[in-house]
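The values are calculated or read from the model by the stated rules, or taken from the named source; none is laboratory data. Since the model is a prediction, treat every value here as computed from it, not as a measurement. When we count neighbours, we look across all protein chains shown, and the Cβ atoms used for this are built from the backbone with ideal geometry, even at glycine. Only protein heavy atoms, including side chains, enter the accessible area calculation; ligands, DNA and RNA are left aside. Shrake-Rupley method; radii C 1.70, N 1.55, O 1.52, S 1.80 Å.
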Amino acid sequence: MEKLIGLKKIKTAIFISGTGNNLKNLVKFSKKIETPISINLVISNTNKAKGLLFANQLKIKNKVFNFQNITITEKNILKLLKKEKIKFICLAGFMKILSKGFIKKFNGTIINIHPSLLPKYKGLNTHLRAIENKDKFAGCTVHYVNAKLDSGKIITQKKIKITSNDTTTSLAKKVLEEELKLYPAAIMKIFN
Ligand code: GAR
């Protein structure tokens with residue numbers, strides 16, 4: 001990964017599909033002096049993503065792409081990323097799977113946050129699966145994105161204890177709190 005030169009921040013796009021807690025948090029993080037990234041673009045696959053409201057409030061350029069035809073969509077996204085000189089992509093609750101070709105074009109510069117202790121529980125319903133399996137720990141992971149779902153090299157992880165009272169809702173809340181610390185920490189780790 002290229003090193004941060006001087007005070008020049010790395011132009012970053014955040015891809016979202018939902019509430020945007022991680023987006024908000026990354027924007028806050030990007031405004032700190034020592035932060036290596038600036039957030040210049042938000043991309044969503046749905047206009048229902050609440051995170052878009054936040055992007056609009058903060059006047060961060062944002063665009064919704066309909067993923068019905070993934071080939072055309074990704075071509076258009078790549079065009080926009082090029083136009084905005086984006087060099088780094090953070091997936092933050094983005095629920096679409098990017099193609100091998102797209103990932104190759106951004107080789108090594110797309111990262112994702114996932115609500116489990118990968119390689120355990122790739123995909124959906126991570127908290128439910130952890131509770132049903134009577135796991136002692138849940139967690140979250142930031143990893144590079146490669147062509148296989150939730151399988152790229154792990155950058156950092158945080159373990160979170162599952163208590164006997166935990167429900168999927170309480171666990172999701174605890175995990176999200178840790179995600180908000182883990183994602184910025186992962187970015188600092190990459191660029192320092
Ligand atoms: C987060 O918990 C994130 O880890 C998860 O979606 C949530 C998004 O929340 N991502 C995935 O499940 C990706 N496979 P947010 O929109 O409030 O940041």
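Quick check on my filter: what residues within segment 108-134 are open to solvent by 80 Å² or more (accessible area, probe 1.4 Å) and closer than 25 Å to residue 46 by Cα?
Result: 122, 124, 125.
Do you know which of the residues in segment 11-69 that are of a type in the set (Phe, Trp, Tyr) and within 15 Å of residue 180 (Cβ to Cβ) is farthest from the chain's Cα centre (by Cα)?
Taking the candidates together, the pick is 54.
Consider only pairs whose beta carbons are under 7 Å apart and that are at least six residues apart or on different chains; among these, list those whose first residue lies in segment 17-40 and is without any contact (Cβ under 8 Å) to a residue 24 or more places away in the chain and whose second residue is of a type in the set (Ser, Thr, Tyr).
Note: pairs meeting the criteria are 30/38.
Select from segment 61-95 the residues that are of a type in the set (D, E, K, R) and touching a Lys or Arg at 6+ places or on another chain (Cβ under 8 Å) and list them in ascending order.
Hits for segment 61-95 are 84, 85, 87.
Of the conditions (1) more than 21 Å from residue 9 (Cβ to Cβ); (2) open to solvent by 100 Å² or more (accessible area, probe 1.4 Å), residue 83 fails just one. Which one is it?
The number of the failed condition is (1).
Any idea which residue in segment 140-189 is surrounded by the most Cβ atoms within 10 Å (Cβ to Cβ), counting only those that are closer than 28 Å to residue 9 by Cα and basic (Lys, Arg)?
Checked segment 140-189; the qualifying residue surrounded by the most Cβ atoms within 10 Å (Cβ to Cβ) is 158.
Which residue pairs have Cβ atoms under 6 Å apart, sit 6 or more places apart or on different chains, and have a first residue in segment 43-69 that is under 18 Å from residue 12 (Cα atoms) and free of Cβ contacts under 8 Å to residues at least 40 places away in the same chain and a second that is hydroxyl-bearing (Ser, Thr, Tyr) and part of a helix (DSSP H, G or I)?
Hits for this filter: 65/73.
If I ask for residues that are small (Gly, Ala, Ser) and without any contact (Cβ under 8 Å) to a residue 60 or more places away in the chain, which ones from segment 88-104 would you list?
Those that are small (Gly, Ala, Ser) and without any contact (Cβ under 8 Å) to a residue 60 or more places away in the chain: 99, 101.
Please specify each residue of segment 1-49 satisfying the condition of being modelled with pLDDT of 95 or more and open to solvent by 40 Å² or more (accessible area, probe 1.4 Å).
If the condition is that a residue be modelled with pLDDT of 95 or more and open to solvent by 40 Å² or more (accessible area, probe 1.4 Å), then 9, 11, 19, 21, 24, 28, 31, 32, 40, 47, 48 are the ones that fit.
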